[in-house]
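Trainee: The structure is given below, and queries will be raised subsequently.
The values are calculated or read from the model by the stated rules, or taken from the named source; none is laboratory data. Note that the structure is predicted; figures quoted are calculated from it, not measured. With ideal geometry, Cβ positions are generated from the backbone for all residues, glycine too; neighbour counts draw on all protein chains shown. For accessibility, only protein heavy atoms count, side chains too; no ligands or nucleic acids. Shrake-Rupley method; radii C 1.70, N 1.55, O 1.52, S 1.80 Å.
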Amino acid sequence: MYFNATTSPYLRPLVERLIQKPNVENGDSYYPTRHGAFTPDVKLQFDVHIPRAVSPRDVRMLVWPEYGDSPAIYPTSWQRLHLGRDVFSCRAKASDIASAFGADVGLFYYRFEFTGYNGSSFAVVQGDDGGAVLIPSEHGGCAFALTIYKRTYPAPRSWYGGIIYHIFVDRFAKSSRHKIKPKGYAIMNDDWYHGIPQFGEYPGAHVENNMFFGGSLWGVIEKLDYLRSLGVTCIYLSPVFDAYSNHKYDTGDYEHVDSMFGGDKALAELFREADKRGIAVILDGVFNHTGSDSRYFNKKGTYPEVGAYNSTSSPYYKWYNFYNWPDDYECWWGIKILPRVKSDEPIYLSYITGEGGIIDKYMKMGAAGWRLDVVDELSDDFIDALRSRAEKVAAARGSQREPLIIGEVWEDASCKVAYGKRRRYFLGKQLDSVMNCPLRTAIISYLRNGDASPLYRALENEWEHYPPEVIHATMNVLGTHDTERIITALAGASPEGKTNAELATLRMTKEQYARGVALAKLAYMINATIPGIPSIYYGDEAGMEGYNDPFNRRPFPWGRENKELLSFYRKMGAVRTRETVYKDGELYLCRYNRRGLLIFGRASDRYVIYTVVNMDAEPVSFYSSNEARVLVDAGDVKERSDGGIELPQMAGAVIKTSYGSPIWCTSTT
């Protein structure tokens with residue numbers, strides 16, 4: 001679909017704010033950026049726009065280290081009058097800001113203060129929406145964040161522009177060629193299409209999790225061509241190490257792949273066959289805790305080794321924190337079957353990250369990276385060591401891909417505090433990126449409530465806080481094994497007040513499901529075109545529904561997929577694969593005076609691809625000054641006789657136009 005120009009108001013790409021984020025000096029010139037994370041060599045210019053009506057003078061910028069009381073003060077100089085506001089600027093090199101506090105990298109905060117009319121003191125601080133507000137300086141307020149980082153390893157550029165597919169192994173695919181021998185305690189559920197996973201009486205109640213549906217790594221291998229049809233470039237596997245449960249987050253033996261998943265042989269074959277198709281595989285690293293039924297703890301006596309529970313002389317005893325041996329010990333969130341490991345214990349650290357350790361074994365076998373479970377609970381020393389080992393193994397293998405290390409963080413990871421300690425994930429020695437949970441929340445909020453403001457803010461927050469290398473590698477999730485299925489989250493009934501027994505059989509009505517499919521298309525359209533790497537939770541593309549764990553972990557409906565939704569995922573995958581702007585193209589957020597209208601663009605030096613979504617009841621039409629092309633659309637998008645396209649409520653389109661050719665937006669009615 002193509003459309004051409006008419007005369008309509010130009011949709012401006014940025015919202016003017018009281019304060020502009022730092023500019024980056026390039027030679028003798030400065031250009032605007034919304035990034036708030038910089039390397040030490042960058043020269044910065046800070047601009048602040050203050051209404052002339054308050055008579056600003058003695059304008060200065062104050063910068064603090066994260067844990068410091070005395071600020072460094074930078075005087076500003078007046079630059080110009082712009083739209084009734086005086087513009088003041090100051091310049092500083094990022095390394096000088098850090099060194100003023102005896103650091104070379106770190107998280108810093110800044111605000112502006114000045115004297116106004118009648119000698120009053122004012123401050124420019126960050127408002128609740130992320131923008132800037134003017135307040136009396138004695139009121140405090142929130143300062144702006146400034147991250148200074150220095151990468152000690154290559155950016156994961158080979159991963160940019162890809163698509164991740166998240167597989168819960170037991171529920172994805174059975175093998176037609178390799179039969180799996182169940183363990184003695186396993187309960188096999190042979191009803192692949194209608195079987196209900198085990199569930200507790202109430203959320204958080206104990207569940208044995210020994211019911212299996214028979215999915216395996218051999219089954220994954222047989223579905224690799226299906227994954228390629230979605231544009232998938234990376235498989236993220238839920239844990240595969242030997243363990244008692246179906247989910248394998250209760251590791252029994254890191255040194256072996258679970259026999260019910262096909263063992264080491266199946267994993268090695270998956271690495272080889274996936275690589276032939278240009279698909280990398282990353283593993284789920286569950287290194288914060290083991291199972292109590294493991295060779296290391298051995299509470300049930302299942303293993304021949306002397307575990308920490310069996311004897312204080314066990315070689316694994318120092319791994320764990322016993323309050324009163326053997327039954328009183330630290331465990332993850334109080335769950336007794338998951339004793340927590342001291343990740344900075346030297347013996348454990350060497351076992352996982354040392355030469356010949358667990359990271360070595362699986363990366364030499366073919367693993368391309370790791371997703372680190374509950375990374376907030378791992379020590380800095382452990383993450384540093386894992387990063388270093390992964391880099392060494394990749395270099396020794398001559399890998400064409402940089403090792404990818406993703407952390408499970410549910411909040412803004414740039415300023416995360418966990419257990420009273422500020423984490424340094426993005427300062428240059430640890431993570432490539434994180435699971436983008438805040439964005440998932442914002443997308444669902446927008447599509448359910450019709451207000452784009454929280455989503456705009458989430459995108460701005462990420463763009464302003466994360467280093468660009470991190471942004472383009474974020475794992476942008478719509479669903480995971482820990483969340484409701486996206487179609488249920490978007491259009492299903494609330495689970496509040498319902499028992500697990502009710503949720504086990506609760507299904508969306510025909511009307512809810514149809515709405516859910518329509519909204520799931522828009523969710524994936526947004527997710528596949530924002531910066532980062534979209535992650536598909538197995539079955540979301542097939543229209544699977546379900547509430548939280550375990551009802552989001554049903555078997556994949558092979559042969560019974562929602563073909564409409566699956567076709568849309570494939571179209572978006574083809575667009576993302578073809579259009580290189582989705583690797584690391586600049587993000588432009590476009591605001592319009594319609595709360596339900598979302599517009600953003602990704603730009604290269606030759607063209608811009610816009611994503612437009614309308615959740616307002618009133619239709620909206622788009623035009624371009626030059627010929628533009630609709631790459632993919634969702635909803636009842638119509639071509640207009642005057643050359644535009646019309647988006648009714650609950651519709652969206654991805655539009656490609658040449659660089660410098662604006663698009664226009666008008667209300668249709």
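Trainee: Based on this model, can you work out whether residue 101 counts as among the hydrophobic types (A, V, I, L, M, F, W, C) and either farther than 22 Å from residue 415 by Cα or in a strand (DSSP E or B) (or both)?
Mentor: no
Trainee: Still on this structure: Please pick out the residue among 386, 378 that is over 18 Å from residue 332 (Cβ atoms), at pLDDT 95 or above and touching a Ser or Thr at 6+ places or on another chain (Cβ under 7 Å).
Mentor: On the way: 378 fails: over 18 Å from residue 332 (Cβ atoms).
386 is the lone residue from the list that is over 18 Å from residue 332 (Cβ atoms), at pLDDT 95 or above and touching a Ser or Thr at 6+ places or on another chain (Cβ under 7 Å).
Trainee: Kindly check whether there is at least one residue in region 442-455 that is among the hydroxyl-bearing types (Ser, Thr, Tyr), open to solvent by less than 20 Å² (accessible area, probe 1.4 Å) and not in a loop (DSSP other than H, G, I, E, B).
Mentor: Looking only at region 442-455, we keep the residues that are among the hydroxyl-bearing types (Ser, Thr, Tyr), and these are 445-446, 453.
Adding the requirement that they be open to solvent by less than 20 Å² (accessible area, probe 1.4 Å) leaves 446.
Going one step further and asking which of them are not in a loop (DSSP other than H, G, I, E, B), we end up with 446.
Yes: region 442-455 contains one or more residues that are among the hydroxyl-bearing types (Ser, Thr, Tyr), open to solvent by less than 20 Å² (accessible area, probe 1.4 Å) and not in a loop (DSSP other than H, G, I, E, B).
Trainee: For region 210-277, which fully contained strands (runs of 3 or more DSSP E) count at least 1 residues that are closer than 15 Å to residue 368 by Cα and of a type in the set (S, T, N, Q)?
Mentor: Counting at least 1 such residues, we get no strands (runs of 3 or more DSSP E) at all.
Trainee: List, please: which pairs have Cβ atoms under 7 Å, are six or more places apart or on different chains, and start with a residue in region 119-137 that is at pLDDT below 85 and end with one that is of a type in the set (Val, Ile, Thr) and open to solvent by 30 Å² or more (accessible area, probe 1.4 Å)?
Mentor: Going by the 7 Å Cβ cut-off, the qualifying pairs are 127/133.
Trainee: Can you spot a residue in region 264-272 that is closer than 23 Å to residue 302 by Cβ and surrounded by fewer than 20 Cβ atoms within 10 Å (Cβ to Cβ)?
Mentor: yes
Trainee: If you go through region 144-184 one residue at a time, how many are β-branched (Val, Ile, Thr), more than 26 Å from residue 36 (Cβ to Cβ) and either open to solvent by 10 Å² or more (accessible area, probe 1.4 Å) or assigned to a loop (DSSP other than H, G, I, E, B) (or both)?
Mentor: Residues flagged as β-branched (Val, Ile, Thr), more than 26 Å from residue 36 (Cβ to Cβ) and either open to solvent by 10 Å² or more (accessible area, probe 1.4 Å) or assigned to a loop (DSSP other than H, G, I, E, B) (or both) within region 144-184 amount to 2.
Trainee: Could you please find all residues in region 608-650 being outside any loop (DSSP other than H, G, I, E, B) and not hydrophobic (A, V, I, L, M, F, W, C)?
Mentor: Of everything in region 608-650, those that are outside any loop (DSSP other than H, G, I, E, B) and not hydrophobic (A, V, I, L, M, F, W, C) turn out to be 610, 611, 614, 621, 623, 624, 629, 633, 638, 639, 646.
Trainee: Quick test of your reading of the structure: residue 85 fulfils all but one of (1) open to solvent by less than 60 Å² (accessible area, probe 1.4 Å); (2) in contact with a Leu (Cβ under 9 Å, 6 or more places away or on another chain); (3) farther than 22 Å from residue 414 by Cα. Name the failing condition by number.
Mentor: (1)
Trainee: Inspect all residues belonging to region 275-297 and state whether any of them is over 19 Å from residue 378 (Cα atoms) and in contact with an Asp or Glu (Cβ under 6 Å, 6 or more places away or on another chain).
Mentor: Yes, the conditions are met somewhere in region 275-297.
Trainee: Looking at (1) aliphatic (A, V, I, L, M); (2) surrounded by fewer than 24 Cβ atoms within 10 Å (Cβ to Cβ); (3) part of a helix (DSSP H, G or I), find the lone condition where residue 508 falls short.
Mentor: Every condition holds for residue 508 apart from (3).
Trainee: Among the candidates 297, 271, which residue alone is more than 21 Å from residue 159 (Cα to Cα) and in contact (Cβ under 8 Å) with a residue 24 or more places away in the chain? Talk me through it step by step, then tell me what you get.
Mentor: Numbers: 271 fails: more than 21 Å from residue 159 (Cα to Cα).
After applying the criteria, what remains is 297.
Trainee: On to the next question. Out of curiosity, is residue 193 closer than 19 Å to residue 544 by Cα, open to solvent by 30 Å² or more (accessible area, probe 1.4 Å) and part of a loop (DSSP other than H, G, I, E, B)?
Mentor: yes
Trainee: Within region 356-390, work out how many residues are buried (at least 18 other Cβ atoms within 10 Å of the Cβ) and of a type in the set (Asp, Glu).
Mentor: Residues of region 356-390 that are buried (at least 18 other Cβ atoms within 10 Å of the Cβ), as a first pass: 357-360, 362-363, 366-378, 382-383, 385-387, 389-390.
Checking which are of a type in the set (Asp, Glu) leaves us with 360, 373, 376-377.
Number satisfying all stated conditions: 4.
Trainee: I need a count of the residues in region 577-607 that are farther than 27 Å from residue 228 by Cα and either part of a helix (DSSP H, G or I) or basic (Lys, Arg) (or both).
Mentor: Matching residues across region 577-607 total 4.
Trainee: Evaluate region 536-558: report whether one residue or more is within 18 Å of the chain's Cα centre (by Cα), small (Gly, Ala, Ser) and either modelled with pLDDT of 95 or more or within 23 Å of residue 493 (Cα to Cα) (or both).
Mentor: Checked against the condition, which is being within 18 Å of the chain's Cα centre (by Cα), small (Gly, Ala, Ser) and either modelled with pLDDT of 95 or more or within 23 Å of residue 493 (Cα to Cα) (or both), region 536-558 yields no hits at all.
Trainee: Another question about this same structure. On the basis of being assigned to a loop (DSSP other than H, G, I, E, B) and either touching a Leu at 6+ places or on another chain (Cβ under 8 Å) or at positive phi (or both), does residue 204 make the cut?
Mentor: Here the answer is yes, as residue 204 does meet what is asked.
Trainee: Sticking with this structure for a sec: Pull up region 397-412, narrow it to residues that are without any contact (Cβ under 8 Å) to a residue 40 or more places away in the chain and under 22 Å from residue 149 (Cβ atoms), then point me to the one that is most open to solvent (accessible area, probe 1.4 Å).
Mentor: Looking at residues that are without any contact (Cβ under 8 Å) to a residue 40 or more places away in the chain and under 22 Å from residue 149 (Cβ atoms), I get 410.
Trainee: Further question: Assuming residue 433 fulfils every condition listed in (1) surrounded by fewer than 20 Cβ atoms within 10 Å (Cβ to Cβ); (2) polar (S, T, N, Q); (3) modelled with pLDDT of 95 or more apart from one, which condition is it?
Mentor: For residue 433, the exception is condition (1).
Trainee: Here are 55, 70: which of them is under 30 Å from residue 420 (Cβ atoms) and surrounded by fewer than 19 Cβ atoms within 10 Å (Cβ to Cβ)?
Mentor: Going through 55, 70 in turn, just one is under 30 Å from residue 420 (Cβ atoms) and surrounded by fewer than 19 Cβ atoms within 10 Å (Cβ to Cβ): 70.
Trainee: Can you name the residue in region 127-179 that is within 30 Å of residue 46 (Cβ to Cβ) and of a type in the set (Val, Ile, Thr) and is also nearest to the chain's Cα centre (by Cα) among such residues?
Mentor: Ranking the candidates gives 147 first.
Trainee: Picking from 531, 495, 555, 550, which residue would you name as being closer than 26 Å to residue 412 by Cβ and assigned to a loop (DSSP other than H, G, I, E, B)?
Mentor: Details: 495 fails: closer than 26 Å to residue 412 by Cβ; 555 fails: closer than 26 Å to residue 412 by Cβ; 550 fails: closer than 26 Å to residue 412 by Cβ.
On inspection, the qualifying residue turns out to be 531.
Trainee: Let me ask another. Please specify each residue of region 556-575 satisfying the condition of being open to solvent by 10 Å² or more (accessible area, probe 1.4 Å) and of a type outside the set (A, V, I, L, M, F, W, C).
Mentor: The answer is 557, 559, 560, 561, 562, 563, 564, 567, 570, 571.
Trainee: Then there's this: For region 590-607: of the residues being farther than 19 Å from residue 576 by Cα and crowded, with 16+ Cβ neighbours inside 10 Å, which is nearest to the chain's Cα centre (by Cα)?
Mentor: In this case the residue turns out to be 598.
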